[in-house]
Each structure stands twice: as C-alpha cells, then as structure tokens.
Amino acid sequence: MIWLILGVIAWSSLHLLPSLGRNVRGALIARLGEGPYKGLFSLSLIGAIAAMIVGWRSTPPVLVYSPPAVGIALAKPGMFLALVLFFASGVPSNIKRFVRHPQLTGVTLWSLMHLLANGESRSLILFGGLGLWAIASMVCINRRDGAWQKPDPLPASAEIKPLVAGVVGFAIFYFAHPWIAGVKIP
C-alpha cells in the first residue's frame with residue numbers, strides 16, 4: 001500500500017507545484033532550462049503513475065464499506081460524463097462556459113464514481129486521494145488566476161468533439177479496464 005500512497009502524493013505534489021510554487025518552478029526552469037525541466041517533470045509523473053499501478057496491484061482489497069447499489073448503477077453514466085468533461089478541456093466548447101475547470105471536474109467526478117462503486121481501502125486511497133488533489137488544484141488555480149472570464153458562446157456543433165472523445169474514451173477504458181486496473185467492469 002505504501003507505493004500507492006507514495007504515487008498519489010507524488011502525482012498531487014508535482015501537479016500542485018505550478019499553482020502553489022511559481023517561484024520554485026521558475027527557479028528550476030532557470031537552473032535546468034525549460035526542456036530538461038519538462039523532461040524531469042514528465043519522468044517524475046511517469047514514476048508516480050508507475051508507483052500507483054504497482055501499489056494498486058500489490059495491495060489486497062480490504063472492504064471498508066459496502067458500495068450503495070445506486071453508486072454502482074451511476075458509475076457508468078457518471079464515468080461517461082467525467083470523460084466528456086475531461087476531454088472538453090482540450091477543445092473549444094460551450095462546456096467551458098459552464099465549468100471553469102472541465103478536466104479537473106472530470107477527474108473529481110471520476111473519483112466520486114469510483115468511490116460510489118468500490119468500498120475497499122485501496123480505492124479510498126487512490127480515488128479519494130486523486131479526487132482531493134483535483135479539488136485542491138481548482139482552489140489553487142482560482143486563487144492564482146482570479147476571477148473567471150467565461151469564453152464567448154460557440155455554435156452547438158462545438159460539443160461534438162468532446163462527446164465523440166467521451167464515447168471513444170469510454171469504450172477504450174471499458175474494454176481496457178481489466179488490464180489497467182485488474183478489475184472487470186460489471
């Protein structure tokens with residue numbers, strides 16, 4: 001379980017660095033150069049992901065609570081919505097007019113859906129930890145960037161890309177979930 005905890009802490013710390021520690025990030029870029037900084041940052045994230053995967057797979061699931069039936073029923077549609085939000089951050093869409101941080105909101109929803117469908121200790125650490133990171137990130141970014149400037153409205157056709165990406169992403173994760181997490185989706 002220690003690898004899982006370390007992976008979540010590393011992931012969270014690395015991602016919070018730019019919003020909490022602009023001076024630290026700037027000093028590292030000045031010292032290392034932008035390319036080496038980005039390379040080191042990427043390698044560190046890969047290490048955090050590897051630690052989470054190793055930690056997840058090596059931690060036996062210990063039931064902490066029984067997931068509610070409604071949580072399991074909501075998981076699939078909730079995951080689809082989480083993926084639409086996640087992908088909406090990378091393309092122009094009206095979703096950004098209603099959700100300031102679509103990617104982080106998607107991660108938060110992903111976390112919540114997994115916590116509603118899984119009641120074991122490793123889920124609490126992984127999904128709870130990453131959900132808390134996403135919420136903390138939104139708070140830190142809002143403090144750093146100030147008032148939200150909503151983008152201008154776009155035609156309804158702008159929603160096609162995030163919806164298609166959500167469908168494709170959902171299909172990929174649905175079929176790959178047993179290999180990624182070692183758990184088949186019911």
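Each reported figure results from applying straightforward, stated rules to the coordinates on display, with no laboratory input. For clarity, every value in this text was computed on a predicted model and none was experimentally measured. FYI the Cβ positions are ideal-geometry reconstructions off the backbone, even for glycines, and counts take in every protein chain you see.
With just the Cα atoms of region 60-172, tell me how far they stretch along each of the three principal axes, in Å, largest first.
Largest to smallest, the principal-axis extents are 47, 33, 21 Å.
What does the helix-only formula give at 222 nm for the chain: each DSSP H stretch with n ≥ 4 adding -39500 (n - 2.57), the total divided by the residues, and the result rounded to the nearest 500 deg cm²/dmol?
-24000 deg cm²/dmol
So if I take the centroid of the Cα atoms in region 1-29 and the same for region 90-128, what is the distance between those two points in Å?
For region 1-29 versus region 90-128, the Cα centre distance is 19 Å.
Please state the shape class of region 1-142: rounded when a/c is under 1.5, otherwise prolate if a/b exceeds b/c and oblate if not, all from the C-alpha gyration tensor.
On the way: a/c = 2.48, a/b = 1.31, b/c = 1.89.
It comes out oblate by the Cα gyration axes.
Rounded to the nearest angstrom and ordered from largest down, what semi-axes does the equivalent ellipsoid of region 44-89 get from its C-alpha gyration tensor (root of 5λ)?
Numbers: eigenvalues 119, 96, 7 Å².
Values for region 44-89, descending: 24, 22, 6 Å.
Just want to confirm a number: the relative contact order over the chain, from Cα pairs under 8 angstrom separated by 6+ residues, in percent.
Across the chain, relative contact order equals 27 percent.
Quick one, what does Rg over Rh come out to for region 1-59 if you take C-alpha atoms and the Kirkwood Rh?
1.08
When the Cα centres of region 141-186 and region 53-81 are compared, how far apart do they sit, in Å?
Measuring centre to centre over Cα atoms gives 19 Å.
Once you place label points 7 Å from the Cα toward the Cβ at Val70 and Arg31, how far apart are they in nm?
5.1
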